[in-house]
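Colleague: Have a look at the structure that comes next, please.
The values are calculated or read from the model by the stated rules, or taken from the named source; none is laboratory data. Just so it is clear, the structure is predicted and the values come from calculations on it, not from any experiment. So basically every Cβ, Gly included, is an ideal-geometry build from the backbone, and we count neighbours across all protein chains shown. Calculation scope for accessible area: heavy atoms of the full protein, side chains included, ligands and nucleic acids excluded. Shrake-Rupley method; radii C 1.70, N 1.55, O 1.52, S 1.80 Å.
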Amino acid sequence: MAELRASLLAALDERAPRVDRDRVAACFDFAAQAHGGQRRMSGEPFVSHSVAVCLILLDLLDARLDTPLACAALLHDVVEDTDVPIADVEKRFGREVAGLVEGVTKLAGLHFDSREAEQAENFRKMLLSMSRDLRVIFIKLADRLHNMRTIEFLPPPKIQRISVETRDIYAPLAHRLGMAGIKREFEDLSLKVLDSGAYQELARRIQTRRAERETFLAGVRLRLEEGLRAAGIKAEVMGRPKHFYSIYAKMRAGRDFESIYDLFGLRIVVHTRNDCYRALGVVHDRFTPVADRFKDYIATPKSNMYQSLHTTVLTEAGEMVEVQIRTREMHRTAETGIAAHYVYKQGGRVDEELDAKLGGFVAQTADWQRTTSDDEYMDFLRTALYQEEVFAYTPRRELKRLPKGATPLDFAFLIHTEVGQHTVGARVNGELVPLRYELRNGDTVEIITSPQAQPHDDWLQFLRTAGARTKVRHWLRQRRHADSVALGREMLERELKRLRHRPEEAALEEAAKALGCADLETLHARLAEGQLSITQVVRRLVPEKEGFAERLAKGPLEALGIARKEAGGIRVQGLDNVMVSFARCCQPVPGDRVVGIVTLGRGVSVHRQDCPNTFGDRVAPERRVPVDWHSGPGETFPVRLVVYGHDRTSLLADIAKAIAATAVNIRTAGMASEDQTARGVFVVEVQHLAKLQEVMGAIRKVKGVSRVDRRQRLIRPSHPRRAAGEA
Ligand code: MN
């Protein structure tokens, strides 16, 4: 124990001299006493874990490790695992240290293997604590790292759960915060547990190839060092750490081991940004660069702050080597991300400048926390945490950063919501592409919009950015609502018209409130969605007259004093058995577009919609009712046809023959002529419009016939009944 204490203090003295060693020593003693006889599953005294966490933080921050953070690291499990209350920690070590310990203790209870909603909530809590004090996340990640390093001592179900959580939650979070070193270790340690067979196999294959590959790289390295020296560039050339998980993931995606492993190349670390580009010149001078493999992440840092030049070159023997070039500072950022930019004077707060380097990740998560549903929040996190990026340009060469797999439509929404919503097409590098095209690095994207264009449901299937998906969902919800409102309004207005009732706007609003709707619009929407029935609404609006409610209950036509009667062929407002007659003025047949006119005492008279007797002011709007054809197979309808033609002998007989050939019944036929012009009238009985058209077509083909019309006559409005009875 004394040894452990001494080695910790020595390490701090050496690498973080600013840290108050007396306070840290006091924390060590306090933690050692609090954990007392507790041991880790490995058999070591518990406090060895606290020390290990503190040392991981020292690796992460070096001289920037501050006293409160070092203290809190040592005390991080005191409240969670012993009966020491947080108040004691605060009394002994102050508010700042206690606040950090409290933050970590709260996170300890969060598990991420639960239902989506709970998972979202736990994520929110974790990210919220991060936005308040970054150091809580540092301790949490260091704690998890040490637990993963010693995971083999835990019982198997716990090993499984913790490894999955590490791979799915903590590794992506570390990645998003730019902490590549920790991320790499998280992924490799969890892979070792979760697919140990694949892990061992990879280890074996890497071992087999190692000597050969290292000899080869040593040769390349020598030539590069020579070249850099000759160019007067101070640089360090080194190998790159193996990352099992990334090889594993690429193999799972179908690539073969050799081609991936061979790419593990060299890294050149120089002093200045300018030296990076000069070093690149040396690399390209000594070896042939592979086209399309150069990436400048210095000019365009990744959203987790990563900066480097990447290039792949070919040796004379035809072997490929990937070379990364960066400054020492960029290297630190590449390995420790946000930790490289942490300074104690901010306390633990992530300030705007720091967050901007992360592409606003912390502020965004705070925003999202307030405004979204759990589903949308997880959706957002999946994009924000898990996805790789792709860079594309606007036609004006503005760079846009999108998640990998993003489409031109995502790009459009990134430019502006208005652009996204009105997108009809896209050109990538001058070529028209489908909206679901997957963007590639360096693509120049031109969005084609139209003011009439609107978002589609199926956009949700290929939009990758959470922001765009949320906007489209929101838009679709609003449109559905608007549709419901319009339909509901129409339903209610039609019903009220039929009841000859015209309530004031105020009465409508009042009825809406009485039925529990916030406003009239809500009432309309609920009507359309079937959450309210039209009867419920009408009862609120139509004053109860004598006996009227009873009549209304029987149906609106009864309310008008119309008796039910057996009648075939037509359905009025979905009601069967209403007294129906067919207007003689226009003689509709099934297939004609028809309208019902309520007549006093004679039920509903069915007219063709183009019948002049139903036009405009001839019929009061409230007398119109929608009707549908509903005829049985055997029913026929009489139609009077008027035929004009050039008079000749046997014209009448030929027309009658033509009609008979279509197998319809002729009820009456007659013909008269005057001045070589013949006019005939035929009443035929047909089942439907198609048959009638067949008959009319057959008549037209008869030699000498110039025209066939259905009878259409205007009834004089003052004597409607007599006029109708006339035919
Ligand atoms: Mn711990």
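Colleague: I'd like the antiparallel share, as a percent to the nearest 5, of DSSP beta bridges with both residues in the chain. Could the numbers behind the result be given before it?
Modeller: Working: 67 of 78 bridges.
About 85 percent, rounded to the nearest 5.
Colleague: For the pairs 192/302; 295/404; 250/295, flag any whose C-alpha to C-alpha distance is greater than 18 Å. If you can, show how the numbers build up before the last one.
Modeller: On the way: 192/302 28 Å; 295/404 16 Å; 250/295 20 Å.
Those over the limit are 192/302; 250/295.
Colleague: How many Å² of accessible area per residue for the chain, probe 1.4 Å?
Modeller: Numbers: 36030 Å² over 727 residues.
It amounts to 50 Å² per residue over the chain.
Colleague: From the backbone phi of segment 515-526, what are the Karplus-calculated ³J(HN,Hα) couplings (6.51 cos²θ - 1.76 cosθ + 1.60, θ = phi - 60°) in whole Hz, Gly and Pro given as x?
Modeller: Per residue, the Karplus-derived 3J(HN,Hα) values read 8, x, 9, 4, 7, 5, 4, 4, 4, 4, 4, 5 Hz.
Colleague: Which angle from 0 to 90°, rounded to the nearest 10, does the C-alpha axis of helix 466-498 make with the longest principal axis of the chain?
Modeller: It works out to around 20 degrees.
Colleague: Place a +1 charge on the Cβ of each Lys and Arg in segment 637-710 and a -1 charge on the Cβ of each Asp and Glu, then give the dipole magnitude about the Cα centre in debye, rounded to the nearest 20.
Modeller: Values: 11 positive and 7 negative charges, 35 e Å.
So the dipole magnitude of segment 637-710 works out to roughly 160 debye.
Colleague: Let me ask you something else. Taking H placed 1.01 Å from N in the peptide plane, check which residues at least 5 places from residue 39 or on another chain put their amide H under 5 Å from its amide H.
Modeller: Distant-sequence amide H within range of residue 39: 46.
Colleague: On full extension of the chain, what length is gained from residue 397 through residue 242, given 0.36 nm per residue of separation minus the C-alpha to C-alpha distance?
Modeller: On the way: separation 155, 0.36 × 155 = 55.80 nm, distance 3.64 nm.
Net length gain for the segment: 52.2 nm.
Colleague: Would you tally the net charge around residue 239, using a Cβ to Cβ cut-off of less than 12 Å, leaving residue 239 out, and scoring K and R as +1, D and E as -1? Mind dumping the intermediate values first?
Modeller: On the way: positive: 210, 213, 221, 240, 242, 267; negative: 214, 236, 322.
Spelling it out: positives minus negatives among the neighbours equals +3.
Colleague: What residues qualify as long-range amide H neighbours of residue 405, i.e. H under 5 Å apart, gap of 5 or more or another chain, H built at 1.01 Å from N?
Modeller: 439
Colleague: Taking a quarter of the surface of the convex hull around the Cα atoms of the chain, what do you get in nm²?
Modeller: On the way: hull surface 210.3 nm².
For the Cα atoms of the chain, the hull's average projected area reads 52.6 nm².
Colleague: Compute the signed sum of charges (Lys and Arg +1, Asp and Glu -1) over the other residues within less than 14 Å, Cβ to Cβ, of residue 303. Please report the intermediate quantities before stating the final value.
Modeller: Numbers: positive: 176, 302, 357, 400, 401, 404; negative: 355, 388, 389.
Taking every Cβ under 14 Å from that of residue 303, the sum is +3.
Colleague: Right, another one. For residue 29, what is the net charge nearby, where nearby means another residue's Cβ is under 15 Å from its Cβ and Lys, Arg count +1, Asp, Glu -1?
Modeller: Working: positive: 5, 21, 23, 92; negative: 3, 20, 22, 88.
Neighbourhood net charge equals 0.
Colleague: Right, next: With a 1.4 Å probe and all protein chains left in place, how much of the accessible area of segment 2-179 comes from carbon and sulfur atoms, in whole percent?
Modeller: Working: 3640 of 7120 Å².
Using a 1.4 Å probe with all protein chains present, segment 2-179 comes out at 51 percent carbon and sulfur.
Colleague: Output the 0 to 90 degree angle, nearest 10, between the alpha-carbon long axis of helix 505-514 and the longest principal axis computed from the alpha carbons of the chain.
Modeller: 60 degrees
Colleague: Please list 3-15, 619-631 highest first by mean number of surrounding beta-carbon atoms within 10 Å per residue. Intermediate results must be reported in sequence, preceding the final value.
Modeller: Numbers: 3-15: 14.2, 619-631: 16.0.
Ranking the peptides 3-15, 619-631 by packing returns 619-631, 3-15.
Colleague: For the peptides 45-51, 590-596, what is the packing order when you average, over each peptide's residues, the other Cβ atoms within 10 Å and list the highest mean first? Kindly include the intermediate steps, with their values, before the conclusion.
Modeller: On the way: 45-51: 22.0, 590-596: 19.6.
Averaged packing, sorted descending, gives the order 45-51, 590-596.
Colleague: With contacts defined as alpha carbon pairs under 8 Å and 6 or more residues apart, what's the relative contact order of segment 203-336 in percent?
Modeller: Values: 178 pairs, mean separation 31.3, N = 134.
Taking the mean separation of contacting Cα pairs over the length of segment 203-336, I get 23 percent.
Colleague: Sort 509-521, 407-419 by the packing proxy (mean of other Cβ within 10 Å over each peptide's residues), most packed first.
Modeller: Numbers: 509-521: 15.5, 407-419: 21.2.
By packing density, highest mean first, the sequence is 407-419, 509-521.
Colleague: Ok, one more. Can you tell which of 196, 611, 658 lies farthest toward the positive end of the dipole of the chain, using +1 and -1 charges on the Cβ of basic and acidic side chains (Lys, Arg; Asp, Glu)?
Modeller: Going by the charge dipole, the pick is 658.
Colleague: Using 1/(1 + (r/R0)^6) with R0 = 60 angstrom and r between the beta carbons of residue 673 and residue 534, what's the FRET efficiency to the nearest 0.05?
Modeller: Plugging the Cβ-Cβ distance into 1/(1 + (r/R0)^6) gives 0.55.
Colleague: Then there's this: Apply the Karplus curve 6.51 cos²θ - 1.76 cosθ + 1.60, θ = phi - 60°, to the phi angles in segment 579-594 and return the couplings in whole Hz, x for Gly and Pro.
Modeller: Going residue by residue, I get 5, 10, 10, 9, 4, 7, 5, 10, 6, x, 10, x, x, 5, 6, 10 Hz, with x marking Gly and Pro.
Colleague: Name the long-range amide H neighbours of residue 569: under 5 Å, sequence gap of 5 or more, or other chain; modelled H, no Pro or chain starts.
Modeller: 630, 632
Colleague: Quantify, in whole percent, the carbon and sulfur part of the accessible surface of segment 229-332 (1.4 Å probe; protein heavy atoms only). Can you show the working numbers first?
Modeller: On the way: 2500 of 5010 Å².
Carbon and sulfur: 50 percent of the exposed surface of segment 229-332.
Colleague: Could you grab the relative contact order for segment 595-689? Cα pairs under 8 Å, six or more apart, rounded to a whole percent. Show your work: numbers first, answer last.
Modeller: Working: 126 pairs, mean separation 26.0, N = 95.
Once normalised by length, the contact order is 27 percent.
Colleague: How much of the accessible area of segment 637-710, in percent, comes from carbon and sulfur atoms when a 1.4 Å probe is used?
Modeller: Numbers: 1980 of 3980 Å².
The value for segment 637-710 is 50 percent carbon and sulfur by accessible area.
Colleague: In percent, what relative contact order does the chain have, based on Cα pairs under 8 Å that are 6 or more apart in sequence? Please report the intermediate quantities before stating the final value.
Modeller: Details: 1093 pairs, mean separation 48.2, N = 727.
Answer for the chain is 7 percent.
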